[in-house]
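The values are calculated or read from the model by the stated rules, or taken from the named source; none is laboratory data. Every value quoted in this text rests on a predicted model; they were computed, and no experiment measured them. Here the Cβ is made from the backbone with ideal geometry for all residues, glycine too, and neighbour counts use every protein chain on show. Please note that ligands, DNA and RNA were not included when accessible areas were found on the heavy atoms of the full protein model with its side chains. Shrake-Rupley method; radii C 1.70, N 1.55, O 1.52, S 1.80 Å.
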Amino acid sequence: MLRRAGPSLRHFLLERKSSAGYSSYFSEAKMSRPVQSRRLEGVDKNIWVEFVKLAATYSTVNLGQGFPDFPPPDFLKEALETALSRENHMLHQYTRAFGHPPLVKILAQLFGKLLGRDLDPMTNVMVTVGAYQALFCCFQAFVDEGDEVIIIEPFFDCYEPMVIMAGGTPVFIPLRPKAPEDGKMMSSADWKLDSAELASKFNERTKAIVLNSPNNPLGKVFSRGELEVIADLCVKHDVLCISDEVYEWLVYDGKEHIRIASLPGMWDRTVIIGSAGKTFSVTGWKVGWTVGPNRLLQHIRTMHQNSVYHCATVAQEAVAQGFQRELMLYGKPDSYFVQLSKELQKKRDWLVQSLDAAGMKPIIPEGTYFLLADISNFKSDVPDVPNSDEPYDSRFAKWMVKNKGLAAIPLSAFYCGAHKNNYSHFIRFCFAKEEATLKAASDILQKWKQEKTSP
């Protein structure tokens, strides 16, 4: 005799019918309680979302976003192909959470050489999903409610919201431009910190200062003297330094990138942040790192293991191979680091000449692959709007991409709200582009100039 496994179909259908009204009520009910956490208040807008969409819709030449449109070096592509195809199938699986052993070992060797100290690859280096995640982990690991973090303007736009999300208070200090000598173009070196003003920003609530040298978007490479002023204040007030050095190899005209962690008293309080994306022209790989004392990196590891936890193994393997090559060729003409900076300096000079010929006033960068241009002479094309909430450079950049097909980024995006209108007559261009891309931009600028000067 078979036993019944459950209620009959008839019973089930009657029960479903009787509860139809009840189910209908809940299927239409919508959640009404607030869901957004307080840490997201005021940080929802992002300049890149808006301008990437504009560039994709209107531009024929995109000099806005900071990524190369030329290929990475062959040796790095070959390293990735080898990692993908070799018989070591474990490269397709998880590796060490805090960094693939071959990568942290070669980074420890390289940065140990650069800093003049012995580094432990397991405690003094940690690999992250790009420099962006390294920054996020730093702010989350070190900043508490009530802490103040000094940010030098202009600044890479993620610093401010990341400090706010960690519960901290950003404190801003601008680099102030000094007029160049007669007949000379302005340089990023002409933008300087006022040492007395900087000193006034430090107090008992100051937890950290963010240093970005070479600086995005300005291209400024801080001199030894400028770094010593910052270092002395950090030591005096017992403050951390989060040193964003992703453009460390991209310096021009014989300038030297000095690592603030190498200065007296700074190793114990500095986290260096680097990027394979900027180093090897592979921004889509998202491999970054932090270098610093274990007393700081142990807290960044805690943040990393409780968020992202792991980075792509094959990408780390390929980057490790790239660094092994560069360490052997360090300082030699065949080094990719040497060749890339020379090539980008040529591209910089080309874009400077094109902008200058068109009537914009370029600011010659000492580093990075960005330059600023003063657009004051173009207000006849895009008249100012008194009392507008939108900075002038933002409206100009939108007009330019829609009407000229040339994409750039407004400098005001790299300032806090209170200072946006103080520096709103500059736009940022990226010159890490193929010659064909830069020529197309030059053609647009030349045609624009002809239209302005024709009767």
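For the reader, a short list of remarks on this structure follows.
- Check on SER354, in contact (Cβ under 8 Å) with a residue 60 or more places away in the chain, over 17 Å from VAL104 (Cα atoms) and outside the structural domain of LEU406 (by the TED database): no
- Single residue of VAL49, VAL43 found to be under 23 Å from the mean Cα position of the chain (by Cα), β-branched (Val, Ile, Thr) and open to solvent by less than 40 Å² (accessible area, probe 1.4 Å): VAL43
- Filtered residues of segment 346-397 (kept if assigned to a helix (DSSP H, G or I), open to solvent by 20 Å² or more (accessible area, probe 1.4 Å) and out of contact with any helix residue (DSSP H, G or I) (no Cβ under 8 Å at 6 or more places or on another chain)): LYS346, ASP349, GLN353, ASP356, SER376, ASN377, ARG395
- Selection within segment 325-342 - open to solvent by 70 Å² or more (accessible area, probe 1.4 Å) and in a helix (DSSP H, G or I): MET328, GLN339, LYS342
- Any hit, segment 62-76, residues being touching a Ser or Thr at 6+ places or on another chain (Cβ under 9 Å), more than 20 Å from LEU371 (Cβ to Cβ) and surrounded by 20 or more Cβ atoms within 10 Å (Cβ to Cβ): yes
- Residue, farthest from the chain's Cα centre (by Cα), within segment 264-281, restricted to residues that are among the hydrophobic types (A, V, I, L, M, F, W, C) and either open to solvent by less than 10 Å² (accessible area, probe 1.4 Å) or not assigned by the TED database to the domain that holds ALA134 (or both): MET266
- Selection count, segment 282-312, where residues are open to solvent by 10 Å² or more (accessible area, probe 1.4 Å) and either of a type in the set (S, T, N, Q) or not assigned by the TED database to the domain that holds ARG86 (or both): 7
- Restricting GLU197, GLU248, GLU204, GLU228 to those that are within 22 Å of THR368 (Cα to Cα), modelled with pLDDT of 95 or more and surrounded by fewer than 18 Cβ atoms within 10 Å (Cβ to Cβ) reduces the list to GLU228.
- Residue in segment 407-418 that is over 20 Å from the mean Cα position of the chain (by Cα) and not in a helix (DSSP H, G or I) present: no
- Conditions (1) surrounded by fewer than 19 Cβ atoms within 10 Å (Cβ to Cβ); (2) in contact with a Lys or Arg (Cβ under 7 Å, 6 or more places away or on another chain): number failed by VAL221: (1)
- The selection criterion, being touching a residue at least 60 places away in the same chain (Cβ under 8 Å) and assigned to a loop (DSSP other than H, G, I, E, B), holds for GLY167.
- Sub-7 Å Cβ pairs linking a first residue in segment 42-53 that is part of a helix (DSSP H, G or I) to a second residue that is of a type in the set (Asp, Glu) and modelled with pLDDT of 90 or more, at least 6 apart or interchain, are ILE47/ASP157, ordered by first then second residue.
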